[in-house]
Amino acid sequence: MSGGAANAGAALLEVRDLKVHLRVGGAIVRAVDGVDLTVMPGESIGIVGESGSGKSTLARGILKLMANVELAELQGDVRFQGKDLTRIADAELRALRRHGGFSMIFQDPLGYLNPTKRVGTQVAEALGGKWFAATRRRVEQLLEEAGLPASAQLARRFPHELSGGQRQRVMIAIALASEPALLFADEPTTALDATVQLQVLKTLGRLHRDRNMAMVVITHDLGVVAELCDRVYVMRSGKVVESGDTVELFENPRHPYAAQLIELSTRHRRPGPSAPGAAPSVPASPAEAR
Amino acid sequence: MLRFVLFRLLHAIPLLIAVILVILLMLQFIPGDPVQAMVGDFPVSPEFRAAITQQYHLDDPFPVRVYSYFVNLLHGDFGYSYQFQRPVWDLIAESAPRTILLTLVGFLIAVPFGVLVGTVSGTTRSSRVDHFWTSTALVAYAIPTFWLGQLLVLVLAVHLGWFPTQGMGPLVSRAHGLSWFLERAHYIALPALAFAVHEGTRFARIMRASVADTLGQGYIVTARAKGLSRGAIIRGHVLRNSSLPLVTVAGYAFGAALGGAVLLETVFTWPGLGLLLVQAVRMRDNMTVVGIVIFAAIAVVVINLLVDLLYAALDPRIRGRG
Amino acid sequence: MEPPSTAPGPVRSAWRGFRAALGHMAGTRHGAVGCAILLVLAIVAIFAPLIAPYDPLQQAQASLTPPSMRDLFGTDNTGRDIFSLVIYGTRTSLAIGLGAAFGALVLSGLVGMLAGYFRGPVEAILMRLAELFQTLPVIVVVLFTVALFGSSFWLLLAAIILAIWPVEARLVYGQYLRLRSMDFVAAAKVADMSTIHIMLREILPNAIRPVIVQVALDASVAILIEAGLGFLGLSDPNTVSWGQLLYVAQDYMTIAWWTSFFPGAAICLAVVGLNLFADGLNEILDPRTRGRAGGLQS
């Protein structure tokens, strides 16, 4: 994959000095405090850090998908496909989300799917249609592309009737519906079982390659980064402390915090999911057990 | 779903029996002469006393009396009112439909009002609009229904003469067809409105809280990420999911209204169960009082059961189970 | 960003917590107005003989005179001064409201605490009992009791407590269920503290705040029920109460609106005050309602 961050002119997403300050109780929390970030078309980026380092807030700040927080300040320069997202009109922002812009998948697919609607309907909604015969084929295609079995049965199920992995695949199908140029994945596998984790990661990798879709993966798990990302940003306390090529950073971390993260994750975990014997390397198959 | 139905039934039946038992037990503790307590302020001859004592097993121990009462209940026998000189069941059967009618019409106003106001004040971007509705709901909720009824009668019926002051219809009516219907609607308007103000604002408060809760859910973020407009999110996700708790609340309120519309019916002299209960209490006609209270208990338990089943049918998370 | 955890630590003194809550409440709009209304009502009730210009039962005036400087709220059919009656009625309403709320608090606190702490058969029996008493509408329970046993002040109080305790018991029970599994309770158990000590000193102070909200709401329900009973002409005839004034007013309000208007407004004021008080308390207890935490920003 191309890792040329230097060629900033053609960047898909360019973030300069982004600050997201939240009001928590009476105090101001500087969740994101002056972050620079660049994503090239078709590139895959990882943002790593512990929980509370501000990585999720960064993603939501960029995409304007804040929820349940009181925003004290949001400033900086966020250019996506040449448009400034911090000053964009609501209608234009919605248009970007509806088609060809960006999508996002979340850590907790059960909470992020409406429990009272059939999953097929929820995918259809992202296509800008209701449950018409016209969108039906497209819905099934998307579910299949996200690694779910090609059956009309599944689309008629409710979220609670699916397994965790299947739900995350539904989220992926929803995200794909708008044919995004950039997909944000916020801890996409954290809530899943170990074997399912790997399958979902493989699906994401396949979609990234096949669709030439840029990806930003937010995770605390360096194994995920090793599997998916070309470049990495390491965040701590709302700031990027180190960034660079994944392989280089893994081999030769400059910032002590990055070194510590790598050290910790290699001790707790296998060196990476691609290591032999780490997990049965079943391809993302429709037969995923319920 | 079947298992859920069975489970709820197994829960409801013992509850109902226990409620009736407690009611009968309380009758044991009435001070004074039990025969007099049953018939109310009504002269009792010795022969009559003997007949009642035998009929209701007053000389037998408590369990025998309870047993005979339950047997009578199962035969649809709620006892006999010596004040009204009619079987209690006849009185109930005559009054209950009127209460149901009033409650239904009240709900027709209250539910849409509550859903609309709750959703608007829960989703509005203007805190002023929200404050307005929250404060209005608070004050409206604090107005006792019976006082509101008095005020409505005073202003709209007495001074402006737009509505009749009381009752369900004129003493003598020659109206037919549509005009009969309009005449009835004319009489029910004020009591239904008074009922709806109270229940509607309560529903609005619950709906608003429910909407606020829904807005904090992850799937609202997903809906935003899909690029749906505000209106589409409210219609497609907020309204539906927030209404679910209201189904339970409104359903329970319906059951409670069947026995509890006492004050409302008294203000408007609406001849339903509530007014019957008040009349019976005033005349110390305990046979009728107990009959109505037990009927109200049955109505509440049955309706709550139906509401729970309805909720289960509406919420796929429960529907799928069992 | 995860929301900050709001798990309470062991608060040592319930009273201190309550006082702090009162302090914060003055800061919320609803809480401040609610506190002010309740304060005024309390003063009126306590100093009723000093504020009321006439003895409430004195029939010295002409009957059914409209409000004037002499009789602020007019007079009723027997020539009693309605202003004085409303002032004295405050005593009855507040006594019933506070008494019932306090009684229900004690009863439901006991039941909820026992059920929430012990679980097992104790829990099953007590919670079924709560459900039993919750089945019938409050007004029906009260009416039934009054019908059978009469309507003296204490009986009425007992009947209202009997009717309103279950809601609160369930609330206390829920709080105890939640708190029982928390770390500081486990720590107290490890430290070999007595069950009573854990229930009263460790759990109670933390469970009390949401319960106070319910107590305020209970008081408003009790006031409404007492007024309702008075309106039906079934309350204690020997006490002056707002509801009773409305009962009398029924026959005269077409010619004398003031007989109905002022007592009713007094009921509303008390109920609004208690509800605002509860709202303010809720607002400082549940930070979610503070500020408009966004769900729907674009």
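The values are calculated or read from the model by the stated rules, or taken from the named source; none is laboratory data. For clarity, every value in this text was computed on a predicted model and none was experimentally measured. Methodologically, a virtual Cβ is constructed for each residue, glycine included, from the backbone with ideal geometry; neighbour enumeration extends over all protein chains shown. With ligands, DNA and RNA removed, areas are computed over all heavy atoms of the protein, side chains included. Shrake-Rupley method; radii C 1.70, N 1.55, O 1.52, S 1.80 Å.
Looking across the stretch B:257-306, the residues that are within 16 Å of C:ALA147 (Cα to Cα) and at pLDDT below 85 come down to B:GLY259, B:GLY260, B:ARG282, B:MET283, B:ARG284, B:ASP285, B:ASN286, B:MET287.
Would you check if there is a residue in the stretch B:215-233 being part of a helix (DSSP H, G or I), surrounded by fewer than 22 Cβ atoms within 10 Å (Cβ to Cβ) and more than 11 Å from chain C (Cβ to nearest Cβ)? The answer is yes; a qualifying residue exists. Selection over the stretch B:124-150 of residues that are facing another protein chain (nearest Cβ under 8 Å) and touching an Asp or Glu at 6+ places or on another chain (Cβ under 9 Å) gives a count of 1.
If you filter the stretch B:127-148 down to residues that are surrounded by 20 or more Cβ atoms within 10 Å (Cβ to Cβ) and aliphatic (A, V, I, L, M), you find that the one that is farthest from B:GLY114 (Cα to Cα) is B:LEU148. In the stretch C:220-238, of all residues being among the aliphatic types (A, V, I, L, M) and at the interface with another protein chain (Cβ under 10 Å from one of its Cβ atoms), the one that is most open to solvent (accessible area, probe 1.4 Å) corresponds to C:LEU224. If you take the residues in the stretch C:239-260 that are within 14 Å of C:GLY89 (Cβ to Cβ) and assigned to a loop (DSSP other than H, G, I, E, B), which one is nearest to the other protein chains (Cβ to nearest Cβ)? Going through the qualifying residues, I end up with C:SER241. Against the condition touching a Phe, Trp or Tyr at 6+ places or on another chain (Cβ under 8 Å) and part of a helix (DSSP H, G or I), how does B:SER68 come out, does it pass? Yes: the conditions hold for B:SER68. Reported count of residues in the stretch A:157-180, each being part of a loop (DSSP other than H, G, I, E, B) and crowded, with 24+ Cβ neighbours inside 10 Å, is 0.
A count restricted to the stretch B:54-67 and to residues that are surrounded by 10 or more Cβ atoms within 10 Å (Cβ to Cβ) and over 18 Å from B:ASP285 (Cβ atoms) stands at 9.
For every residue, the table says whether it meets (1) on the phi < 0 side of the Ramachandran plot; (2) at pLDDT 85 or above; (3) within 7 Å of chain B (Cβ to nearest Cβ).
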site: C:CYS268; (1), (2), (3): yes, yes, yes
site: C:ALA278; (1), (2), (3): yes, no, no
site: C:ASN282; (1), (2), (3): yes, no, no
site: C:LEU285; (1), (2), (3): yes, no, no
site: C:ARG292; (1), (2), (3): yes, no, yes
site: C:LEU296; (1), (2), (3): yes, no, yes
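Against the condition surrounded by 23 or more Cβ atoms within 10 Å (Cβ to Cβ) and of a type in the set (Gly, Ala, Ser), how does B:ALA250 come out, does it pass? Answer is no for this residue. Evaluated against (1) at pLDDT below 90; (2) under 13 Å from A:TYR233 (Cα atoms), A:SER44 falls short on exactly one condition, (1). If the condition is being farther than 23 Å from B:VAL278 by Cα, among the aliphatic types (A, V, I, L, M) and touching a residue at least 12 places away in the same chain (Cβ under 8 Å), then the stretch B:139-165 contributes B:ALA140, B:LEU156, B:ALA157. Taken over the stretch C:129-152, residues that are open to solvent by 50 Å² or more (accessible area, probe 1.4 Å) and in contact (Cβ under 8 Å) with a residue 60 or more places away in the chain amount to 1. Can you tell me how many residues in the stretch C:88-128 are outside any helix (DSSP H, G or I) and surrounded by 24 or more Cβ atoms within 10 Å (Cβ to Cβ)? Summing the residues that are outside any helix (DSSP H, G or I) and surrounded by 24 or more Cβ atoms within 10 Å (Cβ to Cβ) in the stretch C:88-128 gives 0.
Filtered by the rule that a residue be at pLDDT 75 or above and open to solvent by 60 Å² or more (accessible area, probe 1.4 Å), the stretch B:20-49 gives B:LEU21, B:LEU25, B:GLN28, B:PHE29, B:PRO46, B:GLU47, B:ARG49. Among the residues of the stretch B:284-297, just one is within 10 Å of another protein chain (Cβ to nearest Cβ) and open to solvent by 10 Å² or more (accessible area, probe 1.4 Å), namely B:ARG284.
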